[in-house]
Amino acid sequence: MEEQKILFADLFRLLGGIKDELKTAQKDIGTLLDGGDWESITMRVNSIASEAQLIQSMAKCMTENISLFLENGPYPGQSAGILPLESLTAEARR
């Protein structure tokens, strides 16, 4: 179904964005112990806070996309024990 492909693409894109922000945050966090003046430390901390907000925003988008997808179901093969994406993966392997 086209809806699943769109959901997959959206989730994959958002997950990639989260991974990128995590890498950037990890670098910024690693530099905190390098010292420096108050201004540079403040800039790093503000950058980490911005990255955390972006991650939070992307995670919220993922949750909303998943909720919308589930609200529009049921989809072929979906049951209480099988998530829609799991049923699609099983169908694709057939």
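Points worth noting:
- Of the residues 32, 54, the single one that is surrounded by 14 or more Cβ atoms within 10 Å (Cβ to Cβ) and in contact (Cβ under 8 Å) with a residue 12 or more places away in the chain is 54.
- Condition met for residue 21 (of a type outside the set (Gly, Ala, Ser) and either touching a residue at least 60 places away in the same chain (Cβ under 8 Å) or over 18 Å from residue 58 (Cβ atoms) (or both)): no
Just so you know, all these numbers are worked out from the coordinates, no wet-lab data involved. Everything numeric here is computed off the predicted structure, so don't read it as measured data. So basically every Cβ, Gly included, is an ideal-geometry build from the backbone, and we count neighbours across all protein chains shown.
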